[in-house]
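Comments concern the structure below.
Just so it is clear, none of the values below were taken in a lab; they were calculated from the coordinates. Here the structure is a predicted model, which is why all the values come from computation and not from measurement. Using ideal geometry, Cβ is built from the backbone for each residue, glycine included, and neighbour counts are taken over all protein chains shown.
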Amino acid sequence: MSLVLSSEKAQSGLKGSIRVPGDKSMSHRAVMFSSLATGVSRITGLLEGEDVMATLAAFRAMGVEADGPSNGNLIISGVGMRGLREPENDLDMGNSGTAMRLMSGILAAQNFSSKLVGDESLSSRPMRRVTVPLTSMGARCATDENGCPPIHIRAVEKLEPIDYKLPMASAQVKSAVLLAGLYADGRTTVTEPAPTRDHTERMLQAYGYECKSEKISEQVTKVSVNGGGELTANDIDIPADISSAAFFMVAASIVPGSDLLLEHVCINPTRTGIVDILQGMGADIRLTNEREIGGEPVADIRVRYVGLKGSKIDPNLVPLAIDEFPVICIAAANASGVTTVSGAEELRAKESDRISVMVEGLRNVGVEVEERRDGMVITGGPIKGGEVQSHHDHRIAMSFAVAGGVSQSGVKINGAEAVATSFPNFVDLASTAGLVITQT
Ligand code: S3P
């Protein structure tokens with residue numbers, strides 16, 4: 001069933017206080033670690049989006065008992081590191097790259113076989129980036145001949161540790177190797193070429209598993225774990241997802257008269273590139289009430305309207321805002337002057353090819369944009385409006401809903417059901433804040 005969103009020019013600014021749903025990366029990891037822990041874990045603030053539900057369903061299919069989720073609360077009775085059962089059917093990861101890549105790290109170490117499958121979008125995403133390092137640890141796993149899902153995993157008795165240099169800045173690949181490393185016979189080390197989200201490292205510690213990070217230089221970090229340990233059950237409160245808050249940061253920055261407070265947002269420094277990029281474009285964004293919750297920094301974020309100006313985005317900020325580029329493109333389209341995005345070729349390997357899909361959509365709504373191999377050049381100006389396709393990508397759909405709020409004639413988004421993967425109540429919350437979005 002295809003859902004269509006129609007987003008109209010907002011008549012007044014975005015106002016009030018809202019809390020967007022729980023962090024997607026943390027929600028996946030909380031379900032995984034609680035399932036593999038010894039004892040009962042209580043999760044609050046869980047994102048109940050389709051992606052996280054795919055992870056939960058996979059653990060249930062392997063014998064994990066869970067009560068919920070309801071209103072973000074989920075209680076999981078962990079089965080211990082070696083307590084999973086062979087699933088009877090293929091494990092369907094839906095649209096979620098995080099679920100598929102992190103699960104392959106865990107499943108590659110089990111003494112039973114499994115097969116990971118996904119939807120049309122996930123089935124065209126690169127998976128050799130995980131099967132290659134896992135195979136060098138002794139795992140028996142394979143993708144299809146194009147390097148895409150399904151991933152077939154066969155039983156192993158044990159894994160060998162590796163010292164792995166990530167060929168790209170990817171928290172999913174880093175995490176897959178570290179999770180397999182929990183089962184390896186010795187110390188597994190991953191070296192990342194640039195800082196990527198470190199929720200796996202932080203959450204392992206929160207579940208009582210030692211994980212060491214050592215900064216080698218400004219960009220390079222080495223992360224290591226010793227195999228053979230145990231995870232201990234934990235009560236975890238998941239803050240709001242900055243990647244979901246980002247749609248409102250941009251909307252409030254570009255809709256005249258806005259003054260919006262985004263509550264309880266995770267501001268882990270590996271995720272705050274969006275704040276730096278928008279501030280670099282002149283945005284009025286302030287972090288208030290900063291505190292620490294469950295090993296992660298959290299703040300309320302106040303955003304007030306101010307006309308944005310184009311900027312040359314620092315490529316070093318790309319991994320720190322990797323999921324926010326679709327909506328950053330909307331900010332750039334509405335800004336005065338030219339914005340250049342470079343060093344962002346990884347955007348082509350997301351839920352859609354986010355460079356070509358954003359270029360197509362921006363042109364459809366009347367924005368001048370030049371496509372580059374590793375980014376794009378956007379000339380800001382009035383957004384006329386028009387019709388776009390989500391290409392099964394939640395963040396593309398929500399970004400164009402934000403564009404509609406400043407468009408002359410409205411933006412129609414086809415395939416908007418994808419929003420449910422990460423932000424099921426997006427339309428309601430956006431309407432509460434002051435965006436005029438209808439669904440048909
Ligand atoms: C994620 C890592 C990022 C990000 C994704 C979530 C994670 O992917 O785009 O939405 O939870 O580890 P990559 O590791 O492919 O950059």
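See the values below:
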quantity: Estimated FRET transfer efficiency when R0 is 30 angstrom, pair Gln279-Val338 (beta carbons, to 0.05); calculated: 0.95
quantity: Unit charges at the beta carbon, dipole of the chain: most positive-side option, Ile277, Thr55, Gly138; calculated: Ile277
quantity: Exposure proxy ranking, count of Cβ atoms within 10 Å, fewest first, for Leu134, Leu429; calculated: Leu429, Leu134
quantity: Lys/Arg +1, Asp/Glu -1 at C-beta; the chain dipole; positive extreme among Ile153, Ser7, Gly380; calculated: Gly380
quantity: Point-charge dipole on Cβ atoms (K/R +1, D/E -1) for region 24-237, about Cα centre, debye to 20; calculated: 520 debye
quantity: Beta bridges by DSSP in the chain, antiparallel share as percent, to the nearest 5; calculated: 70 percent
quantity: Full-extension gain in nm, Asp314 to Thr432, via 0.36 nm per residue minus C-alpha separation; calculated: 39.1 nm
quantity: Computed log₁₀ I(q)/I(0) - Debye formula, equal Cα scatterers, no solvent, region 66-118, q 0.14, 0.19, 0.22 Å⁻¹; calculated: -0.46, -0.83, -1.02
quantity: Burial order of peptide ranges 161-172, 357-368 (average beta-carbon count within 10 Å, highest first); calculated: 357-368, 161-172
quantity: Distance from region 105-151 to region 344-408 (C-alpha centre basis), Å; calculated: 30 Å
quantity: The chain - mean residue ellipticity at 222 nm from DSSP helices (-39,500 (n - 2.57) per run, n ≥ 4, rounded to 500); calculated: -8500 deg cm²/dmol
quantity: Cross-link pairs Lys24/Lys222; Lys24/Lys412; Lys174/Lys222; Lys309/Lys412; Lys174/Lys350 - those with Cα-Cα distance over 19 Å; calculated: Lys24/Lys222; Lys24/Lys412; Lys309/Lys412
quantity: Cα pair distances of the chain binned at 20 Å [whole percent]; calculated: 27, 58, 15, 0
quantity: Residue order, fewest to most beta carbons within 10 Å, for Thr191, Thr200, Thr440, Thr98; calculated: Thr440, Thr191, Thr98, Thr200
quantity: For region 252-355, diffusion coefficient by Stokes-Einstein and Kirkwood Rh (Cα), 25 °C, 0.890 mPa s, µm²/s; calculated: 170 µm²/s
quantity: Cross-link reach list, aspartates and glutamates versus Lys215, counting only Cα pairs under 13 Å and skipping chain neighbours closer than eight places; calculated: Glu192, Asp198
